[in-house]
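Presented below is the structure to which this report refers.
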Amino acid sequence: MTDGCDIGLIGLAVMGQNLSMNIASNGFKIGVYNRTYERTTETLKRAKEENLVIYGYKTLEELINNLKKPRKIILLIKAGPAVDENINNILKYYEKGDIIIDGGNEWYLNSEKRIKICAEKNVEYLAMGVSGGEAGARYGCSFMPGGSKYAYEHVEEILKKCSAKVNTSPCVTYIGPGSSGNYVKMVHNGIEYGDMQLISESYFIMKHILKYDNKKLAGVFKKWNEGILNSYLIEITSKILDKKDNLTDNYLVDVILDIAGAKGTGKWTMLESIERGIPCPTICAALDARNLSAYKELRINANNNFSNEIKINNTNEDLTNFENDLLNALYCCKIISYTQGLFLLKQVSKEMNWNLNLGEISRIWRGGCIIRAIFLDRITNAYKNNNALELLFMDKEFSEEMKNKLPSLRKIVNIAVQCSVPIPAFSASLAYFQMISSQNLPLNLVQAQRDFFGSHTYKRTDRDGDYHTLWE
């Protein structure tokens with residue numbers, strides 16, 4: 001159909017509605033469909049208010065019949081069975097060469113199954129990570145499409161125009177084959193978990209050790225956002241800490257219950273880390289912190305029982321330049337956290353034959369997405385200069401920074417522990433760095449223990465082969 005819609009979109013919750021507006025405002029003809037037509041009506045009304053043209057359809061068949069060939073449909077619906085149901089319904093009407101793009105946060109192995117199902121029908125499948133939240137969907141986000149290269153080439157123009165831009169460069173690239181787009185988005189979200197936890201621990205350290213009030217804290221994060229820590233998450237932290245509650249006139253953050261939820265992508269990253277034996281302790285510590293936060297009553301009981309032992313106290317350490325030490329420590333931990341996430345991507349890329357370009361992936365994270373940060377420019381350059389780079393902090397520039405800032409990280413961890421301030425992500429980051437940088441570890445004893453009770457054998461440092469000892 002030559003005069004049909006350029007693309008269709010199914011799922012008109014906030015993300016879907018905003019992305020449809022974005023597509024329409026960039027000059028593309030878009031048709032939309034939602035399981036309940038009320039959402040479609042709401043979308044069309046909003047489009048009219050913004051002087052945009054969006055075509056709404058009451059049935060899936062009607063939407064598909066009004067798409068240009070090859071037909072292209074973006075799914076922005078809840079991950080899981082609902083996606084399978086929609087794909088099965090779409091396949092009833094699709095023809096060879098038509099395209100399905102799943103833009104949800106999906107477990108990558110589910111996408112692998114769907115790719116095969118679609119391939120049996122000669123339908124092209126794109127599993128696409130999308131980051132940027134509601135505002136990003138409307139005004140420009142980071143797209144991480146993986147799967148059919150043919151499918152990507154047919155939606156590339158739309159994605160580039162609708163993506164965030166950094167120095168006119170669109171935050172989208174073809175990630176790779178199969179479910180690589182989902183996997184990259186999953187790791188992106190894992191890094192996001194780590195970032196958020198590290199920032200929250202920095203806030204807690206300043207609040208309890210430096211005794212800063214919220215106004216002072218907001219000012220510190222605002223100042224930090226003007227330097228090496230410039231990022232979306234640091235920026236919004238300053239705004240959050242400065243926000244007053246309209247119900248009590250207290251600072252809003254102080255009346256928010258200290259229980260943090262999670263949608264699952266952090267857990268997936270942790271599971272992959274464990275399953276593949278690729279350590280990501282900062283990300284895992286961040287997820288553990290959220291899980292522990294849920295046990296509020298248990299935490300209160302434990303606090304009452306150990307009130308003297310875990311009471312947050314003062315330190316005798318010199319706190320001169322402590323704020324700057326904390327900045328350096330947080331920056332160090334961010335480098336370590338990104339090192340973990342990118343190393344996971346690199347190793348899985350080898351195992352899955354995805355040939356991921358970590359420089360390009362870092363580039364498209366610079367704008368639109370939640371973890372966008374100024375230092376991603378340098379990460380991009382590090383991998384452009386050496387795509388074989390295994391550990392990010394082994395890059396010459398980052399290595400020098402780590403050497404200069406590590407004393408600050410050790411100082412912060414030491415003082416926080418003295419003062420009974422919980423810092424799981426800071427501690428995990430430092431422990432990871434010290435272990436990955438150690439030529440010798442105490443795991444020779446662990447392997448000896450395994451051989452003692454389970455005859456698991458061991459290797460020697462002085463000769464080849466596997467050995468077992470009768471220890472008694």
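A short reminder: the numbers here are calculations on the coordinates, not readings from a lab. Predicted, not measured: the structure shown is a model, and the values here were computed from it. Note: ideal-geometry Cβ built from the backbone for every residue, glycine included; neighbour counts use all protein chains shown.
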Overall form of region 7-178 per C-alpha gyration tensor (a/c, 1.5; a/b vs b/c): oblate
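Order these by the 10 Å Cβ neighbour count, fewest first: Ile87, Ile259, Ile73.
On the way: Ile87 20, Ile259 12, Ile73 24.
Least to most surrounded, the residues fall as Ile259, Ile87, Ile73.
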Overall form of region 133-198 per C-alpha gyration tensor (a/c, 1.5; a/b vs b/c): oblate
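Just for region 7-178, what percent of DSSP beta bridges are antiparallel, to the closest 5?
On the way: 8 of 29 bridges.
Looking only at bridges with both residues in region 7-178, the antiparallel portion is about 30 percent.
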Centre separation in Å (Cα based) which lies between region 191-231 and region 18-95: 41 Å
Sequence of Ile175, Ile158, Ile117 once ranked by neighbouring C-beta atoms within 10 Å, starting from the fewest: Ile117, Ile158, Ile175
For the chain, share of DSSP beta bridges that run antiparallel, in % to the nearest 5: 35 percent
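Sort His154, His468, His188 so that the residue with the fewest other Cβ atoms within 10 Å of its own Cβ comes first and the one with the most comes last. Show your work: numbers first, answer last.
Numbers: His154 20, His468 11, His188 23.
Taking fewest neighbouring Cβ atoms as first place, the list is His468, His154, His188.
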Structure-derived mean projected area of the Cα convex hull in nm²: which label, when the choices are (i) 25.3; (ii) 20.6; (iii) 28.5: (iii)
For region 185-436: rounded, prolate or oblate by the Cα gyration tensor [a/c cutoff 1.5]: prolate
Listed residue pairs exceeding 31 Å between alpha carbons, taken from Lys161/Lys223; Lys78/Lys244; Lys68/Lys185; Lys185/Lys384; Lys113/Lys160: Lys161/Lys223; Lys78/Lys244
Cα-projected label distance for Asn385 with Asn321, points at 7 Å along beta-carbon direction, nm: 2.6 nm
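For the chain, which span is the longest to avoid every loop-located (per DSSP) member of chymotrypsin sites (Phe, Trp or Tyr not before Pro) having at most 11 other Cβ atoms inside 10 Å?
Formally, the longest exposed-site-free interval is 1-305.
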